[in-house]
Every structure is written in C-alpha cells, then in structure tokens.
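Asks: Got a structure for you, questions after.
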Amino acid sequence: MKNLLLLFSVFLTALLASAQTPNDLFFSEYVEGSGNNKAVEIYNPTNQAIDLNNYWVARYSNGSSVYTEGGITRLTGTIQPYKTFVLVNGQITSTASSPACSPVLQAMANQLDHDYPAPTYMNGNDAIALLKSIDGGSTFTPVDLIGQLGLGSAISAETGWSYVKDTTVSYNATINNVLTPVTGKVINYIVQAKSVGGAAFGPFWMSWTSDHSLIRKPNVVQGVIANPSPFIVTQQWDTVPAIIDTAGHLVYKDIWSNLGKHECRVTGINEIPAGSWLTIYPNPVISDRLSISSKLAIKEVEIFSVIGQTVFKQSYTKGQQQVELTSLGLVKGVYLVKITSSTKISTVQKILVK
C-alpha cells in the first residue's frame, strides 16, 4: 500500500509540475500595429464571472518603473468564464503627429481607452501590466505583465524585445536612396534602435513587441506576477502569422483576426472548463457508463483510484473524438481520469462514482 501511495504521489506531482492552476485574469493577446492601432486582450480562465471594476491596465513607458508617464486605465464591466475582453486605443481623430486608431479595430473593443497618456499608446519598448485593486486604485496587486519593468536607458531609446538574446545582424538598408550594407545588434533580448554605425535603423524586424500582434501560448493559464529578468518573448508568446499585402510583401502588423477569442488548455486535476477541448459526462457517474467527448483525437484513456492503482487503460488508433466506456466495474468513490490526445496533450479530471 505504501508503495502504491508513493507511486501515486510521484504521478500526481509530475502532473501538477507541468500544469498551472488558473486563478485570475491574464493578457491573452497584444496588438502593436501601425500608428495608434493598439490593443490588449484579457482572458478569464476561471469558471466564475469576474467584475472588471477591480482591474487596471498600466503602461510603464520607456523602461520606467512607474506608470506616471505611460498612463493607467480602469476596466469596466464583467468578463464571463472562458471569455475575452478587449481594450483598444480610443483616439478617433488624427493630428499631425498622432493618427487615429482604425475604426475597424475600435469596433472590436469591449472598452475604448482614454486620451493620451494611456496604456494603449505603447510602441514596443513599454511594459504593460494588469493590476488588481480592491480599494479603488490606492494600492495594487500584480496580476500579469508583458515586458520588463525598470530597464531605464537599456531600452528607453530602443525598439523593443526580441526572441534572441545576443546577436549581430548584417542587412541591407536604403540610405540616401542607395542600398547599403549595415550592421545591427540585439543585446540581452533588446533590439537596438540604431545600427552599429548609427547611420540607419537597427534590425527592427527582430523586435516582436513592435509592429507585431502576439498571442499567449495555449498552455499558459495564469499571469506573470514577478518582474522577469530578462523578458524572453517566446517563453509565453507566439507571433500571429504574417500576411501578404497588396505589394506582395510579408507584413506582421495590423493583424486582428484573432481578437475576441482565445484557446487556453487548462490541465491539472481541477474540473475542465466548458468550451475546453474535452468533456467527461455524466459526473457524478450514476451508472456503469462514462462518455468522453473531445475536440482532439483521443489516443489513450486511463482511470486511477485515489491510491494510484490503474483500474482502466485503453489506447485508440482511429482518431475518434467520442469514446463510450461501459462495464467499468467501478466501486463508489473518487477517481482520476487521464486523457491523452494524439498530439500528446493530456489532462486529468476528477470523477465521482455514486
């Protein structure tokens, strides 16, 4: 019995080590487009509706450790379970130095941001934070963070964060109408704004946080609450695939097709949320029959008792997304059902057999 309990403890620890438990909101998409086409999307990974009046989005401008210059915005409304909320730049008229945000992008908003300075005036080298306050904004608790706070001069004049740490890049740039070879650098994940010789812009295309739309990886289920050092974009973010413009060029900015929806793969022993990739029913189990419905092809189903014994294991090779289990012979009690997809995504759900 002790060996079984030990094995089960190791199994459960391994599962939880690779999983996170969703407990609060987090950023799920980041849009840094041309002009003032800027937006952030927030996702609710919990099974409860959340009042947004306790949440704020803040911008820490040009490496600052405070949001005084970058601005802060209080969110309004409610975000339902497993749903998104989109905050978009609110500028509707253009000036000589500041263009209006696209009305198409603004039409996708749940809330428009206020006048400058405001969080959605980011330009790639600004950290964006999601904060929570229960006293109306006097004190805050960090909920999520994009970027790194307090870098100061290390990023204040630079383009933004890259996906590589240190590199030197040679490329061709047009200088005085002449195609000229120049050299740019990325230093500790930060893209330098000027080339080594200072005659041209640095390799700006290597900055993922400027002129790009980013989507949070689907396995991320909670925000970053400790200031990263350094901020490595690719740990939790993917770029939106480029599109081809009318001139036949690949472009990464002003892509908003994913706004308003987000895929989040919650794993662990907590209940699987509605709208997730898998459903087990009925639960509680009141007969000797269990149904599993999946959006992904099912590769394997395992059922464990609370002491770690495998009471059922079945592999599937036909790519089915619906499995009916009958004649399981389970006695009353709590069990863990582990389902693994053909793409090696796995999750565990508790069931109660009555």
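The values are calculated or read from the model by the stated rules, or taken from the named source; none is laboratory data. Not measured: the values here are computed from a predicted model. FYI the Cβ positions are ideal-geometry reconstructions off the backbone, even for glycines, and counts take in every protein chain you see. Side chains included, ligands, DNA and RNA excluded: accessible areas come from the protein's heavy atoms. Shrake-Rupley method; radii C 1.70, N 1.55, O 1.52, S 1.80 Å.
Asks: Per 0.36 nm of contour for each residue apart, how much would the distance between S153 and T78 grow if the chain were fully extended, relative to their Cα-Cα spacing? Let's see the in-between values first.
Replies: Details: separation 75, 0.36 × 75 = 27.00 nm, distance 3.81 nm.
Length difference between fully extended and current span is 23.2 nm.
Asks: Return the aspartates and glutamates within reach of K185: Cα separation strictly under 17 angstrom, same-chain partners fewer than 8 residues apart disregarded; answer none if there are no such residues.
Replies: E158, D166
Asks: Still on this model: Roughly how many Å is it from the Cα centre of the stretch 121-179 to that of the stretch 299-354, as a whole number?
Replies: 44
Asks: Give me the aspartates and glutamates in straight-line cross-link reach of K253: C-alpha distance below 15 Å, same-chain residues under 8 apart excluded.
Replies: E29, E32, D211, D238, D245
Asks: Figure the gain on full extension for S138 and T167 (residue separation times 0.36 nm, minus the Cα-Cα span) and round it to one decimal in nm. Kindly include the intermediate steps, with their values, before the conclusion.
Replies: Numbers: separation 29, 0.36 × 29 = 10.44 nm, distance 4.22 nm.
Between S138 and T167, full extension yields an extra 6.2 nm.
Asks: Follow-up question, since we're still on this one. Run the numbers for Q222 and T180: contour at 0.36 nm per residue of separation, minus the present Cα-Cα distance, in nm. Don't skip to the end; give the middle numbers.
Replies: Values: separation 42, 0.36 × 42 = 15.12 nm, distance 4.54 nm.
Contour length minus Cα-Cα distance gives 10.6 nm.
Asks: So how tilted is helix 2-17 from the main axis of the chain? Cα-based, degrees 0 to 90, rounded to 10.
Replies: Taking Cα atoms only, the helix is inclined about 30 degrees.
Asks: Ok, one more. Which net charge results when you count Lys and Arg as +1 and Asp and Glu as -1 among the other residues whose beta-carbon is under 9 Å from that of Q91?
Replies: Values: positive: none; negative: D113, D115.
Summing Lys/Arg as +1 and Asp/Glu as -1 gives -2.
Asks: Estimate the FRET efficiency between T246 and V331 by the formula 1/(1 + (r/R0)^6), using the beta-carbon distance for r and 56 Å for R0, to the nearest 0.05. Intermediate results must be reported in sequence, preceding the final value.
Replies: Working: r = 66 Å, r/R0 = 1.19.
The formula returns an efficiency of 0.25 here.
Asks: Just add up the charged neighbours of G35: K/R +1, D/E -1, any other residue whose Cβ is under 15 Å from the Cβ of G35. It would help to have the intermediate numbers written out before the result.
Replies: Values: positive: K38, K253; negative: E32, D113, D211, D254.
Neighbour charge sum, excluding G35 itself: -2.
Asks: Also, I was wondering about something else. Which order do you get for T239, T279 if you rank them by accessible area with a 1.4 Å probe, largest at the top?
Replies: On the way: T239 40, T279 70 Å².
Order by accessible area, largest first: T279, T239.
Asks: Then there's this: With a 1.4 Å probe and all protein chains kept in place, how do Y163, Y171 rank by accessible area, largest first?
Replies: Details: Y163 90, Y171 25 Å².
The ranking, largest first, comes out as Y163, Y171.
Asks: Excluding same-chain residues fewer than 8 positions from K318, which aspartates and glutamates have a Cα within less than 12 Å of its Cα?
Replies: Answer for K318, where 12 Å is the Cα cut-off: E300, listed by chain and number.
Asks: Based solely on C-alpha atoms, express the radius of gyration and the Dmax of the chain in angstrom.
Replies: 24.1, 81
Asks: I've got another one for you. Could you look at the stretch 146-241 and say what percent of its accessible area is carbon and sulfur, using a 1.4 Å probe and all protein chains? Can you show the working numbers first?
Replies: On the way: 2490 of 4620 Å².
Reported share for carbon and sulfur atoms: 54 percent.
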